[in-house]
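Worksheet for the structure shown next.
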Amino acid sequence: MLSQNPSGLLLTTIENNIATLEFGHPASNSFPSDLLNRLTKELQALTPNPAVSVIVLKSSGTGAFCAGASLDELLAVTNLAEATEFFSGFANVINAMRHCSKIIVGRIHGKAVGGGVGIVAACDYALATNESALKLPELAIGIGPFVIEPAISRKIGKSAVAEMALAPQEWNTAEWALQKGLYANVFENADALDTALALFVSKLAKNNLEALTELKKTLWEGTEKWDTLLYERAAISGKLVLSDFTKNALRQIKK
């Protein structure tokens with residue numbers, strides 16, 4: 001299924017029990033709210049599909065994997081309700097990934113920023129390239145990685161999240177992410193990544209679907225409170241993004 005409009009591309013293909021879900025946006029694969037909503041709905045639709053055992057989540061192009069939230073939309077919000085709704089879009093995607101009964105394997109071909117790091121962390125398994133550095137720049141614009149923090153902490157721990165969040169201008173290398181457990185493996189380039197990814201998911205998809213589903217449940221034990229926690233965090237981000245500090249910082253980035 002292909003879903004493409006000015007707010008970005010979403011493409012799903014299913015073959016040999018593997019669903020490949022690709023998102024894309026001209027602004028470095030960043031997420032406007034409409035694309036977040038469409039990704040959430042597609043993940044929910046794939047969950048009960050008996051023809052799917054594994055989902056590969058990838059993004060378009062050869063540049064960034066995901067640049068996080070749409071700067072244009074962050075600048076456009078004018079009130080708390082709008083701002084909270086926008087950040088809730090990331091909460092919706094992460095919760096959809098968490099509730100999805102299928103194992104989600106991330107193809108991380110390039111850099112991930114902000115919300116993009118949260119999406120990487122919400123994958124059950126992630127393979128990357130040497131170009132797949134990570135950054136949490138939120139503090140530098142007057143907010144914080146509040147919605148995505150639980151997903152990242154679940155993978156790498158609070159100390160490593162602090163290492164990222166308190167140095168918002170610094171990139172963390174793919175090797176760093178591998179050592180912390182965010183990536184399962186890192187490859188020299190996209191070709192090597194795709195070769196390894198194809199082999200891994202083809203083997204994974206041949207397993208008992210019921211066993212994969214039960215394993216997915218165990219991987220996410222202890223996250224039940226996220227159904228409310230992530231939206232509480234979205235309200236915090238929503239309040240902060242309306243500040244003069246953040247609006248000025250976003251305008252400087254746009255320039």
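If a residue has to be surrounded by 11 or more Cβ atoms within 10 Å (Cβ to Cβ) and without any contact (Cβ under 8 Å) to a residue 40 or more places away in the chain to count, how many in the stretch 186-205 make the cut?
2
Do we find that V77 is surrounded by fewer than 23 Cβ atoms within 10 Å (Cβ to Cβ), under 10 Å from the mean Cα position of the chain (by Cα) and over 22 Å from V201 (Cβ atoms) in this structure?
No; evaluated as a whole, the condition is false for this residue.
Go through the stretch 156-175 and count every residue that is loosely packed, with under 14 Cβ neighbours inside 10 Å, assigned to a helix (DSSP H, G or I) and not basic (K, R).
Residues in the stretch 156-175 being loosely packed, with under 14 Cβ neighbours inside 10 Å, assigned to a helix (DSSP H, G or I) and not basic (K, R): 2 in total.
Inspect all residues belonging to the stretch 59-76 and state whether any of them is out of contact with any Cys (no Cβ under 7 Å at 6 or more places or on another chain), free of Cβ contacts under 8 Å to residues at least 24 places away in the same chain and of a type outside the set (A, V, I, L, M, F, W, C).
no
Only strands (runs of 3 or more DSSP E) wholly contained in the stretch 1-99 count here; list those with 2 or more residues that are over 19 Å from G114 (Cα atoms) and modelled with pLDDT under 95.
Filter on the stretch 1-99 gives 2-5.
Residue by residue, here is whether (1) of a type in the set (V, I, T); (2) closer than 30 Å to L80 by Cα; (3) in contact with a Leu (Cβ under 9 Å, 6 or more places away or on another chain) holds:
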{"site": "P145", "(1), (2), (3)": "no, yes, yes"}
{"site": "I156", "(1), (2), (3)": "yes, no, yes"}
{"site": "M164", "(1), (2), (3)": "no, yes, yes"}
{"site": "A190", "(1), (2), (3)": "no, no, no"}
{"site": "T195", "(1), (2), (3)": "yes, no, no"}
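Given S59, S53, which one is surrounded by 16 or more Cβ atoms within 10 Å (Cβ to Cβ) and under 13 Å from the mean Cα position of the chain (by Cα)?
S59
Is one or more of the residues making up the stretch 120-128 part of a helix (DSSP H, G or I) and not β-branched (V, I, T)?
Scanning the stretch 120-128 turns up at least one residue that is part of a helix (DSSP H, G or I) and not β-branched (V, I, T).
Please count how many residues of the stretch 106-116 are buried (at least 24 other Cβ atoms within 10 Å of the Cβ) and among the aliphatic types (A, V, I, L, M).
Count: 2.
The values are calculated or read from the model by the stated rules, or taken from the named source; none is laboratory data. Source: prediction; values computed, not measured. Positions of Cβ are backbone-derived with ideal geometry, glycine not excepted, and every protein chain shown enters the neighbour counts.
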